[in-house]
1. Of all residues in the stretch 86-102 being surrounded by 16 or more Cβ atoms within 10 Å (Cβ to Cβ) and within 20 Å of the chain's Cα centre (by Cα), which is nearest to ASP180 (Cα to Cα)?
2. Find the residue count for the stretch 33-59, including only residues that are over 18 Å from the mean Cα position of the chain (by Cα), in contact (Cβ under 8 Å) with a residue 40 or more places away in the chain and in a strand (DSSP E or B).
3. All but one of (1) touching a residue at least 12 places away in the same chain (Cβ under 8 Å); (2) in a loop (DSSP other than H, G, I, E, B); (3) out of contact with any Lys or Arg (no Cβ under 7 Å at 6 or more places or on another chain) hold for LYS125, so report the exception by its number.
4. When the residues of the stretch 60-90 are narrowed to those that are under 15 Å from ALA127 (Cα atoms) and not in a loop (DSSP other than H, G, I, E, B), which ends up modelled with the lowest pLDDT?
5. Just to be sure, is ARG103 within 21 Å of GLU188 (Cα to Cα) and either among the polar types (S, T, N, Q) or at pLDDT 90 or above (or both)?
6. Taking the condition of being among the β-branched types (Val, Ile, Thr) and part of a loop (DSSP other than H, G, I, E, B), how many residues in the stretch 145-201 meet it?
7. Please pick out the residue among ALA145, ALA110, ALA153 that is of a type in the set (A, V, I, L, M), surrounded by fewer than 14 Cβ atoms within 10 Å (Cβ to Cβ) and either closer than 23 Å to ALA36 by Cβ or in contact with a Pro (Cβ under 6 Å, 6 or more places away or on another chain) (or both).
8. For the condition in a strand (DSSP E or B), within 29 Å of ASP174 (Cα to Cα) and within 23 Å of the chain's Cα centre (by Cα), what is the one hit in VAL132, VAL139?
Amino acid sequence: MKRIMIGVLAGMLLLPMATGGWAADTAGKTHAKKAAPASWKTTVQGEETATVEAIDQKTRMVTLKGPQGNTLTFKAGDQVRNLAQVKVGDLVKFAYYDSVAVRVLKKGEAFPAQSESEAMARAKKGAMPGGVVGNQTSVNATITAIDKKAKTATLKGEDGNSVTVTPLFPKNLDKVKVGDRMVLTFTEAVAISVEKAEMKK
């Protein structure tokens, strides 16, 4: 959650979003043939709500307070629209999606081309702030070591660099062996909306 809050909210928090008529901006599109189904996939998703604790329209500094009382302060960039509509007490709601799909290649199957793509959706000016952003990265790796006691696997990328990882579900280590080649596809997405605080009666 902390990575999403800092890496995405700070950059995308106040892009305008409406209920319809979104325009999508994409970068790094790929037109490769449809990929084979994953051997397995791990997904984490949820929803969170934060409150606008402070906002300075001149400096464009915004402070959010999370449900656990933690705060995040950042500067809304020039690309942020309709910042003037945001007031202290407004609610910032966001839903996040994070997944890792693993496909173990068959014997003799060549590595596919690695890819990376990003997408952003936002509405016309005038709506309450919000936005949607997502990215997907596909990388190739070979398993060079498995330690079931430590519940880790060491992967070597095509660039020669190695990294040791701990699967969210260690039982997946039983599905692979040293020497297996795999394609890992990471997908992240966050949808954000700002809602006016309810007026006190």
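The values are calculated or read from the model by the stated rules, or taken from the named source; none is laboratory data. In this text, all values refer to a predicted model and were calculated from it rather than measured experimentally. Note that we place each Cβ from the backbone using ideal geometry, even for glycine, and neighbour counts take in every protein chain shown.
1. By that ranking, first place goes to VAL102.
2. 3
3. Single failed check for LYS125: (3).
4. LEU83
5. When the stated conditions are applied, ARG103 passes them.
6. The number of residues fulfilling the criteria is 3.
7. From the options ALA145, ALA110, ALA153, the qualifying one is ALA110.
8. VAL139
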